[in-house]
Amino acid sequence: MEFGEVIRRLEMLLQQPLPGRKGQITMAPMPVDETRFAQQTRKDFRKGAVLMLFYPDESGICHVPFIKRPTYPGVHSGQIAFPGGKMEESDGDLAYTALRESEEEIGIDASKVVLLGRMSDLYIPPSNFMVSPYLGYLHDKPVFSPDPSEVERIIRCPFPRILDRSIRKSGSVKVHGGIRIEAPYFDIESEMVWGATAMMLGEFTYMWEQSNF
């Protein structure tokens, strides 16, 4: 899909009420962990933000980058995610967090990102993070420079692929502690995009499909 058309539609889309849980739950692991949707989450939750970034390739087709986390002793080891991370005390707001972390992780110039808005916050019980997903775009294709300590690889996903229902599947995934659960996922470049990132994409795709374009 042509980059300019995607951005035009996103600008219209984000003027509408967000679907929130209705969209997120479409890609939630089973059984659904209701704590992430509860009115009262843990009071000591940490704040974080991620960036769903849109950019054109050489032919003008819209793309979205994902990152693969390295293997490490943590709950999100090896998972596919949007660039982003923890809010620091020096961050002015969560939008700044999303941009700063994205610049640090994938090497984009954060000053050139145009923010469109944000989707619904999502609580991640295993790591006790409340994450705010931001949407933004670059006018030109970036030259990525991933930080190897935080990013194993960058997946450059054509935007139409995200909307392709055939990549929405379900399978067994191993979570922290070696336990296996059944979870829906997006099959992107033979990687399982599941968990919180899939739920954010779930809200996004629900929003897009319910629109009157």
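What the table shows:
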| item | result |
| --- | --- |
| Out of Ser166, Ser190, Ser111, Ser211, sole residue that is closer than 29 Å to Tyr72 by Cα and polar (S, T, N, Q) | Ser190 |
| Scope the range 119-151; condition at pLDDT 95 or above and charged (D, E, K, R); matching residues | Asp121, Asp140, Lys141, Asp147 |
| Residues within the range 2-32 that are surrounded by fewer than 16 Cβ atoms within 10 Å (Cβ to Cβ), in contact with a strand residue (DSSP E or B) (Cβ under 6 Å, 6 or more places away or on another chain) and farther than 17 Å from Gly136 by Cβ, tallied | 1 |
| Positions within the range 80-99 being assigned to a helix (DSSP H, G or I) and either surrounded by fewer than 20 Cβ atoms within 10 Å (Cβ to Cβ) or modelled with pLDDT under 95 (or both), in sequence order | Ala95, Tyr96 |
| Any chance Val175 is over 21 Å from Met119 (Cα atoms) and in contact with a helix residue (DSSP H, G or I) (Cβ under 9 Å, 6 or more places away or on another chain) | yes |
| Residue ranges of strands (runs of 3 or more DSSP E) in the range 111-166 with at least 2 members of a type in the set (D, E, K, R) | 153-158 |
| Output for the range 141-182, where each listed residue is within 22 Å of Ile61 (Cβ to Cβ), exposed (fewer than 13 other Cβ atoms within 10 Å of the Cβ) and in contact with a strand residue (DSSP E or B) (Cβ under 9 Å, 6 or more places away or on another chain) | Pro160, Ser166 |
| The range 50-79, residues that are surrounded by fewer than 16 Cβ atoms within 10 Å (Cβ to Cβ) and among the charged types (D, E, K, R) | Asp57, Glu58 |
| Filter pass, Val173 being touching a Gly at 6+ places or on another chain (Cβ under 7 Å) and part of a strand (DSSP E or B) | no |
| Meets criteria (touching a Lys or Arg at 6+ places or on another chain (Cβ under 7 Å), surrounded by fewer than 16 Cβ atoms within 10 Å (Cβ to Cβ) and within 25 Å of Gln16 (Cβ to Cβ)) for Phe213 | yes |
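The values are calculated or read from the model by the stated rules, or taken from the named source; none is laboratory data. Just so we're clear, the structure is a prediction, and the values are computed from it rather than from any experiment. Ideal geometry is used to build each Cβ from the backbone, glycine not excepted, and the neighbour counts take in all protein chains shown.
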